[in-house]
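A.B. asks: The structure is given below, and queries will be raised subsequently.
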Amino acid sequence: MWKLINRSASSEYEEQPEDNLLDETEGLCSLSPLQRLYGFAACLAAGLVCVFLSLIVFVKPIKFALLFTFGNVLAVGSTAFLIGPQQQLRMMLDPVRVYATAIYAGCVVLALICALLVHSKILTIIAIICEICALVWYSLSYIPFARRVVSDLTIRLFDTEI
C-alpha cells in the first residue's frame, strides 16, 4: 500500500529513492519459493526427528514430553514457511479453528509445565495425551467436514443406546 502511495506521489515529482523502514524489512523477510520450500522441509524434518527421538526416551516421560512437544511445535510451525507467519496466524485464529488452536496451545504449555516445573511423570503423560488429541483435532480443522465426520463416528461408536 505504501509503495502505491509513494509511487503515485513521486510520479508528480521526480523519482526519489524510497527510504521506508517497512520496505527494508519486507526485503529482509521475503524468501523465494524454493527457499520457503527448503525452510518448510527443514523445519518439518527437524520436528519429525524430535518426535522420533522422543519415542526412544519414552520410558523417561519428562524427556519424552520435551522432545515430543518441541517436535510438534516445529512441525506445526513449518507451514509458516509455506504460507507466511501472518497468514498462519490468521488461519489459526480463524473463527472455525480458534478454539482448537487455543486448546492445542494450552496443552503444549500444560505439557511443558508438567515436565519442567512439576516433574510429575503421570501428569506429564496425561498432558501429552491431551496434546496429541488436541493436535489431531486442530489438524482436522483444516480438512473440510472432517471434525463433523469424526464427531459423528465417535458418537456412533460409543453410543450406549441400543
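A.B. asks: Please report, ordered by residue number, the helices (runs of 4 or more DSSP H) entirely within segment 55-162 with at least 2 residues that are open to solvent by less than 70 Å² (accessible area, probe 1.4 Å) and closer than 26 Å to Ala45 by Cα. It would help to see each step written out before you state the result.
C.D. replies: Values: elements: 61-77, 79-83, 85-92, 98-113, 121-140, 146-157.
The qualifying helices (runs of 4 or more DSSP H) are 61-77, 79-83, 85-92, 98-113, 121-140.
A.B. asks: Which one is nearest to Ile113 (Cα to Cα), of the residues in segment 44-67 that are among the β-branched types (Val, Ile, Thr) and in contact with a Gly (Cβ under 8 Å, 6 or more places away or on another chain)? Give the steps one after another, and end with the answer.
C.D. replies: To start, the set of residues in segment 44-67 that are among the β-branched types (Val, Ile, Thr) comprises 49, 51, 56-57, 59, 62.
Keeping just the survivors that are in contact with a Gly (Cβ under 8 Å, 6 or more places away or on another chain) gives 49, 51.
Details: Val49: 22, Val51: 19 Å.
That would be Val51.
The values are calculated or read from the model by the stated rules, or taken from the named source; none is laboratory data. What you are looking at is a predicted structure, and each value in this text was computed from that prediction instead of being measured. We place every Cβ from the backbone using ideal geometry, glycine too, and count neighbours over all the protein chains shown. Heavy atoms of the whole protein, side chains included, go into the accessibility calculation; ligands, DNA and RNA do not. Shrake-Rupley method; radii C 1.70, N 1.55, O 1.52, S 1.80 Å.
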